[in-house]
Ligand SMILES: Nc1ncnc2c1ncn2[C@@H]1O[C@H](COP(=O)(O)OP(=O)(O)O)[C@@H](O)[C@H]1O
Ligand SMILES: [Mg+2]
C-alpha cells in the first residue's frame with residue numbers, strides 16, 4: 001500500500017484535479033484506491049458521485065485516530081472509495097477554518113494523526129493506493145496529511161508568480177515538515193508536476209526555468225518529466241463528474257488519457273505499461289518517450 005499526498009501552498013493549482021484523476025485512473029487499472037479529502041473546502045468529496053455515502057468522514061478519522069468502516073464512502077467507480085471531508089467550516093479572523101485544525105493543533109502527536117490512522121492494517125489489507133487531497137494553505141491539517149504520505153506530489157503552474165510561490169512556499173512547507181523529525185518521521189520525496197501548460201512561448205520558457213531551478217535543489221524536489229497540458233477537458237470532466245481519461249473527446253496532440261497514464265507510470269513505475277480497463281502487450285503500449293514537446297499539445 002502506497003500513500004501519496006497532493007500538496008501545495010496555493011489554491012487553484014490543480015491539487016484536487018490531479019488527486020481525483022490519478023485516483024480514478026489507478027482504480028480503472030485494477031488497483032483498490034482510497035481517496036481522502038483532507039481539504040476543508042471539500043471539493044474532492046463532491047468530485048464524483050457517491051454510490052454509498054458513509055455516515056462518517058474525515059472528522060471521525062481525525063478525532064478517533066483510526067479509520068472505521070463507517071468513515072468510508074464508495075464512489076460511482078469500481079474500486080474507488082473515499083473518506084469525505086465532513087468538517088464544518090467557520091470563519092476565524094477572516095480566515096476559513098475548522099475545529100478539526102484546532103483539535104489537531106492541540107494534540108501532542110499532531111503530525112502523526114493521519115499517518116497512524118492510514119498506515120493501519122485496515123487500510124493495508126483493503127487498498128493498494130491512497131491519494132490524499134490537501135488544503136492550499138499551511139496549517140495542521142496540511143502537515144498531518146503530508147506526513148501521512150510515502151510520497152508527495154505538488155502541482156506548479158508555469159506562470160512566474162506561481163513558480164516563485166512554489167519555490168518559496170514548498171521550501172517553507174518542507175522545512176516545517178522536517179520538524180517532525182523530532183518524532184522520528186519526515187516527509188517523503190516530493191515530485192513537482194508542471195500543470196496547465198499552455199502553448200505560449202512564455203509557458204515553455206517558465207517550464208524550462210522551473211526544471212532548471214529544481215536541478216539546483218536536487219534531492220529535495222524532482223520535477224516530473226510528464227507535464228500536464230492546459231486543456232478544457234479537465235474542466236469538462238469535472239463538470240461531468242468523470243475521470244478525465246474516460247472523457248470521450250477529440251484532442252489534437254497528446255490527450256488527457258495519455259498524459260494521465262504517463263504521469264501515473266512515472267510516479268508509480270510498477271504500473272508502467274498498465275492501461276485503464278486492462279493490460280496490453282508491451283508492443284501495443286505507446287512509449288512514454290513518444291510524448292510530443294510541451295506546448296504542442298491540446299487546446300486550452
Ligand atoms: N491541466 C489543466 N488544464 C486546464 N484546467 C485545469 C487543469 N488542471 C486543473 N484545471 C482547472 O483549474 C481549476 C483549479 O483546479 P483545482 O484542482 O480545483 O485546484 P486546487 O485543488 O489546487 O485548488 C479547476 O477549475 C480545474 O478544472
Ligand atoms: Mg482543491
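Coordinate-derived values only; no laboratory data. Here the structure is a predicted model, which is why all the values come from computation and not from measurement. Note that each Cβ is placed from the backbone with ideal geometry, even for glycine, and that neighbours are counted across all protein chains shown.
Take the Cα coordinates of the range 108-203, assign each an equal point scatterer, and use the Debye formula without solvent to give log10 I(q)/I(0) at q = 0.25 Å⁻¹.
-1.36
Using only the Cα atoms of the chain, each taken as one equal point scatterer with no solvent, compute I(q) by the Debye sum, divide by I(0), and report log10 of the ratio at q = 0.09, 0.13 Å⁻¹.
-0.41, -0.90
Does anyone have the angle between helix 160-178 and the longest principal axis of the chain? Alpha-carbon axes, 0 to 90°, nearest 10?
Roughly 40 degrees, rounded to the nearest 10.
Highest first, please rank the peptides 17-23, 1-7, 45-51 by the mean number of other Cβ atoms sitting within 10 Å of their residues.
17-23, 1-7, 45-51
Please give the helix 15-28 orientation as an angle from the longest Cα principal axis of the chain, in degrees from 0 to 90, rounded to the nearest 10.
Computed tilt is about 80 degrees.
Work out the FRET efficiency for residue 64 and residue 208 from their Cβ-Cβ distance, taking R0 = 45 Å, and round it to the nearest 0.05.
The formula returns an efficiency of 0.40 here.
Could you sort 171-184, 53-66 so that the peptide with the highest average Cβ count within 10 Å comes first and the rest follow in order?
For the peptides 171-184, 53-66, the packing ranking is 53-66, 171-184.
Take every Cα-Cα distance within the range 158-198, group them into 5 Å bins from 0 onward, and report for each bin the whole-number percent of pairs it holds.
5, 21, 22, 20, 14, 9, 6, 2, 0
Please give the helix 256-267 orientation as an angle from the longest Cα principal axis of the chain, in degrees from 0 to 90, rounded to the nearest 10.
60
Between residue 220 and residue 182, take the C-beta separation as r, use R0 = 22 Å, and let me know the FRET efficiency to the nearest 0.05.
Once rounded, the FRET efficiency stands at 0.70.
Just grab the label-to-label distance for residue 172 and residue 241, each label 7 Å out from Cα along the Cβ direction, in nm (one decimal).
With each label placed 7 Å out from Cα toward Cβ, I get 3.7 nm.
Nearest-5 percent of antiparallel DSSP beta bridges in the chain?
25
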